[in-house]
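The values are calculated or read from the model by the stated rules, or taken from the named source; none is laboratory data. Predicted model, so just to flag it, every value in this text is computed and none were measured. A quick note on method: Cβ atoms are made from the backbone with ideal geometry, for glycine too, and the neighbour counts reach across all protein chains shown. SASA here: full protein model, heavy atoms, side chains in, ligands and nucleic acids out. Shrake-Rupley method; radii C 1.70, N 1.55, O 1.52, S 1.80 Å.
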Protein chains: 2
Amino acid sequence: MDAQARVVKTLAHPTRLFILEELARGERCVCELTEMVGADVSTVSKHLSLLRTAGLVQDDKRGAQVYYSLRCACALSFFSCIDEVLQTVARQHTEETLK
Amino acid sequence: MDAQARVVKTLAHPTRLFILEELARGERCVCELTEMVGADVSTVSKHLSLLRTAGLVQDDKRGAQVYYSLRCACALSFFSCIDEVLQTVARQHTEETLK
DNA sequence: TGGCTATTTGGCTAAATTACCAAGCATGGA
DNA sequence: TCCATGCTTGGTAATTTAGCCAAATAGCCA
């Protein structure tokens, strides 16, 4: 498959977006993320696995815990991109409603 | 679902990314896109429908044809975002191989 | 009107995705 | 060593997505 699409696909899930956003604040271990996400640990672990495979995050095993962190600060510029799209779409929607 | 994730999901398909990239060059009708994509017309039509629903493209019916165009120039900054991620990941991969 | 082209929509199947539970594996402390 | 904790992996069921074919719709022109 297309390399671009593979990256985008990895980002295309609310939980994974949330995790990236959270890791942007600093590293977090799986149990912290699990608590924040509110899903089963195994589910969160699999999301992290996908993000790691895509090269977006990296893990650091320290004792019994595994700390994840962003590997790409650029993953953040992604959010501004998405929001720019969302704002533009919302603006256009408003304009059309006013017509 | 999360609004951000919904947008990203819409972009998370090679054909849809291709279409956006192509529309960035200018408007195209469904049959032109279909020929370029090389899938069934109905398949392409459905991809376009998803992109339209997400507010990323707009359609303009002219005679028997329907011309699609970008609704958001910002959809393009998206590509530079993706590529930035890809390059960073590739670079890191190379560095690790050299270690 | 009839036929042809362009496009969308419905239906169906196959494939991919997601989430949970259970089981397995380390690590660290008692 | 034994047990609890933290995490990952395998299995499975439910849901979503993708693609094609067939059918329906709309515009154009003879």
| note | B:ALA90 and A:LYS46 label points (each 7 Å along its Cα→Cβ direction) are spaced in nm at 3.1
| remark: Ranking A:GLN4, A:LEU51, A:TYR68 by how far each Cα lies towards the positive end of the charge dipole of segment A:3-71 (+1 on Lys and Arg Cβ, -1 on Asp and Glu Cβ), the top one is A:GLN4
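For A:66-74, what's the mean count of beta carbons from other chains sitting within 10 Å of each residue's beta carbon?
Details: counts 0, 0, 0, 0, 0, 4, 8, 2, 10.
Taking all residues of A:66-74 together, the mean is 3.
Tally Lys/Arg at +1 and Asp/Glu at -1 over every other residue whose Cβ is under 13 Å from the Cβ of B:ASP59; what's the total? Mind showing how you got there, number by number?
Values: positive: B:ARG28, B:ARG52, B:LYS61, B:ARG62, B:ARG71; negative: B:GLU27, B:ASP60.
Summing Lys and Arg as +1 and Asp and Glu as -1 gives +3.
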| Which pairs break 20 Å Cα to Cα here: A:LYS46/B:LYS9; A:LYS9/A:LYS61; A:LYS9/B:LYS61? | A:LYS9/A:LYS61; A:LYS9/B:LYS61
| So what does A:THR53 come to for accessible area, using a 1.4 Å probe and Å² rounded to 10? | 110
| query | For the protein assembly as shown, what log10 I(q)/I(0) values come out of the Debye formula at q = 0.09 1/Å, with one point per alpha carbon and no solvent? | reply | -0.40
| query | For B:GLN87, which inter-copy label distances result when the label point lies 7 Å beyond Cα on the Cα-to-Cβ vector, reported in nm to one decimal and in ascending order? | reply | 2.4
| request: Collect residues whose amide H, placed 1.01 Å from N in the peptide plane, falls under 5 Å from the amide H of B:CYS29; neighbours closer than 5 in sequence don't count. | output: B:TYR68
| note | Here, trypsin sites (Lys or Arg not before Pro) of segment A:1-91 satisfying both criteria (DSSP loop; at most 11 other Cβ within 10 Å) are A:ARG25
| field | Separation between Cα centres of segment A:27-62 and segment B:45-99, rounded to whole Å | value | 27
| task | Ignoring everything but the protein chains, give the 1.4 Å probe accessible area of B:VAL66 in square angstrom, nearest 10. | result | 40
| message | Taking the Cα centre as origin and putting +1 on Lys and Arg beta-carbons and -1 on Asp and Glu beta-carbons, what dipole magnitude results for segment A:3-71, to the nearest 20 debye? | response | 320
